[in-house]
1. Whole number please: convex hull volume per residue of the Cα set in region 249-353, in Å³?
2. Quick check: residue separation of T129 and E66 times 0.36 nm, minus the Cα distance between them. What number comes out in nm?
3. Return the subset of K295/K453; K290/K341; K341/K388 for which the Cα-Cα distance in this structure is over 21 Å, preserving the input order.
4. Report the antiparallel proportion of the DSSP beta bridges in the chain as a percent, rounded to a multiple of 5.
5. Output ³J(HN,Hα) for region 399-416: one whole-Hz value per residue in order, computed from phi by the Karplus curve 6.51 cos²θ - 1.76 cosθ + 1.60 with θ = phi - 60°, and x for Gly and Pro.
6. Residue by residue through region 236-252, which ³J(HN,Hα) values in whole Hz follow from phi under the Karplus form 6.51 cos²θ - 1.76 cosθ + 1.60 (θ = phi - 60°), with glycine and proline marked x?
7. If eta is 1.002 mPa s and T is 20 °C, what Stokes-Einstein diffusion coefficient results for region 283-331, Kirkwood Rh from Cα pairs, in µm²/s?
8. What Kirkwood Rh does region 1-135 have if only Cα atoms enter the pairwise 1/r average? Answer in Å.
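Nothing in this text is a laboratory measurement; each read-out follows from the coordinates by a stated rule. On a predicted model such as this, the values are computed, not experimentally measured, just so you know. Note that we place each Cβ from the backbone using ideal geometry, even for glycine, and neighbour counts take in every protein chain shown.
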Amino acid sequence: MQKNIVIIGSGVAGLASAIRLGAAGHKVTVVEANDYVGGKLTAKNIGRYRFDMGPSVFTMPHLIEELTVISKQELKFEYLTLDKICNYFYEDGTTLSAYPDKEKFATEVHNKLGETKESVYEQLKYSATAYELIGELFMEQSLHKLSNFLNLKTAKALLNIRKLKLNKTMNEANNARFKNKKTVQLFNRFATYNGSNPFKAPALINIIAHLEHNIGAFAPKGGMHDITMHLYNLSVKLGVEYKMNTRVIKVITENDLVNNVLTSSGEIKADIVVSGADIKHVYTKLLDKKYYPTKILEQEKSLSGLIFYWGVKKEFQELSLHNILFSENSEAEFNSFFKDKTPYHDPTIYINITSKVTPTDAPEGCENWFVMINVPHNASGEPIHYVKEMRKQIVAKINRVLKTDIEQYIEIEDVLDPYLIEQRTSSSGGSLYGNSSNNKYAAFLRHANSSSKIKNMYFCGGSVHPGGGIPLGLLSAKIVSEMIAEKS
Ligand SMILES: Cc1cc2nc3c(=O)[nH]c(=O)nc-3n(C[C@H](O)[C@H](O)[C@H](O)COP(=O)(O)OP(=O)(O)OC[C@H]3O[C@@H](n4cnc5c(N)ncnc54)[C@H](O)[C@@H]3O)c2cc1C
């Protein structure tokens, strides 16, 4: 039966939910506080340069293709398959390139870091096995439904779980496999793909490397923002209505049922509400206090980011689309984030340059640099005071490692920090991926995709199950739409 469904927020999960629910025949209205769609997955033109402002790593493109198929629309989404994943730079001058071609990558790790090729193959096999065993259980279905634990696949996963070294941290497992600290640092870095600490996160988080190293690394042809625009265009074709520049102020319930959504431009009647906004924002600002699930919302938050967008009047041949300049002391860096709650003075720097694959993103002879370091989430909610100081550290490190004087080439600049991320997306403390995965029970301590108390309220997006990042956000929309279909 057709329902009036209100979706809060047009982040990637809100957009994917709109497509799935619109295609199922429901009347869908998306209410978005900003004057643009996409939430964190947005872009900006500054002078002669185009920048993706948020996500830059694109994996699992089949999840986008699935939405195109479901929508039955003719719109095309084009992307490139990358033959290089990332260039890595260490302070002592060691450099290394990661390739999706396993043989080429293992040879590179052997030649540059002295590991056996077999150790690399075993690592990639571990992440593939983990994905095969528990990927579906943890990522594609609700963890809060008993029936999902009572099937053959789950039984097999639970039987094989010992193979996944659940009692080790990611760092312990990677140290046991590799002899060179630099290799450990390289594989540990995948913890930051969901904003976690490899010295605390379970070995299972090595599953993330499977996406780039075994499935493949990709780049949308026109930049990451193409994802947002493609999903938005599909949903519009399905008749989804957008109320832009409109903030949801209250979700009004009666007898534990939502019946109205109060927005900055009036009330909207709703049979069902799907929230794609940060879960803490929803419970603290939009719902009655009696629903507040304290334990889940007080979990440790994932990392945030400090990003500089630079128009650079020079081409750097040693850089590719994705580049990492590692910190000298990774453990001290993560302790700084999660224990001391401060940025680290020698940060790992990520430089993304989309003009390497989409030359129109920068003028000829120039490059569009997205320069990001991880920083703790902003618990105080106050404006960030360390931007200038960290910019100094970043510039010094880039100059040191790339042997350049980067300041003289920067012709335009913009900045994003945890405070601004929260202002623009309502993400708690500007965390990028909701809760961290810094303990082995984290997956079970993420909020479910439906409310246990409000019968017609659902949740999708990076702060709920199955977790942060574009692929998991898309999967949360799938879980939500399946739950709604079951009940309708
Ligand atoms: C700098 C950065 C780098 C990242 N890098 C990557 C990466 O490389 N790869 C990757 O996969 N992921 C990455 N991520 C994470 C990824 O962007 C997010 O996990 C994902 O985009 C979250 O999508 P979402 O659907 O949860 O919603 P969000 O993008 O958080 O959007 C929520 C939307 O809801 C709206 N909203 C909130 N409250 C209200 C309200 N009360 N009323 C109306 N509207 C409301 C907001 O305005 C916003 O548009 C990165 C994020 C950032 C910021």
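1. Working: hull volume 18.9 nm³, N = 105.
Hull volume over Cα atoms, normalised by residue count, gives 180 Å³.
2. In short, 20.3 nm is gained.
3. Values: K295/K453 15 Å; K290/K341 31 Å; K341/K388 18 Å.
Pairs exceeding 21 Å: K290/K341.
4. On the way: 48 of 68 bridges.
For the chain, the DSSP antiparallel bridge percentage is about 70.
5. 4, 5, 7, 8, 6, 9, 10, 5, 3, 5, 9, 7, 9, 9, 8, 9, 9, 10
6. Per residue, the Karplus-derived 3J(HN,Hα) values read 5, 4, 7, x, 5, 9, 10, 10, 7, 6, 10, 9, 6, 9, 8, 9, 8 Hz.
7. Working: Rh = 16.3 Å.
The estimated diffusion coefficient comes to 132 µm²/s.
8. Values: mean 1/r = 0.0527 Å⁻¹.
With all distinct Cα pairs of region 1-135 included, I get 19.0 Å.
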